[in-house]
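Below is one structure; the comments refer to it alone.
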Amino acid sequence: MMFNNIKGDSGFIKMIIIIVIALIVLGYFGFNIQNIINSPTVQKNLNYAWSLVTYIWQNFLKTPAIFIWDKFVNVFDWIMGSNKTPDKDISTTSTALSL
């Protein structure tokens, strides 16, 4: 069967199709998505969610993410033929990962 996916790695396409179908159904029942998104209550909720995500990134995730990214870049440089060893000079690449 060509469409039988045992691994389940067709989730992205399936999600896009579901979103399109949901938008069509909402439009059929008279919901205007643009008016809903632009309403003050939804805007306040979205701003709150964004500020929460920014707070979590700045206070909990940024430092470990930069550390892991620098390790990755250092190992990648070593693999690509740089003279550095992968365990030295970790702080040479300071990546701007900020929101």
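Only one entry of 18, 13 meets the criterion of being in a helix (DSSP H, G or I), modelled with pLDDT of 60 or more and surrounded by 10 or more Cβ atoms within 10 Å (Cβ to Cβ), and that entry is 18.
Let's see how each residue does on (1) modelled with pLDDT of 95 or more; (2) of a type in the set (Asp, Glu); (3) under 24 Å from residue 23 (Cβ atoms):
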position: 36; (1), (2), (3): no, no, yes
position: 40; (1), (2), (3): yes, no, yes
position: 48; (1), (2), (3): yes, no, no
position: 51; (1), (2), (3): yes, no, no
position: 55; (1), (2), (3): yes, no, no
position: 69; (1), (2), (3): no, no, no
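The values are calculated or read from the model by the stated rules, or taken from the named source; none is laboratory data. It should be emphasised that the depicted structure is a prediction, and the values quoted were computed from it without experimental measurement. Neighbour counts are summed over all protein chains in view; Cβ atoms, including those assigned to glycine, are modelled from backbone coordinates with ideal geometry.
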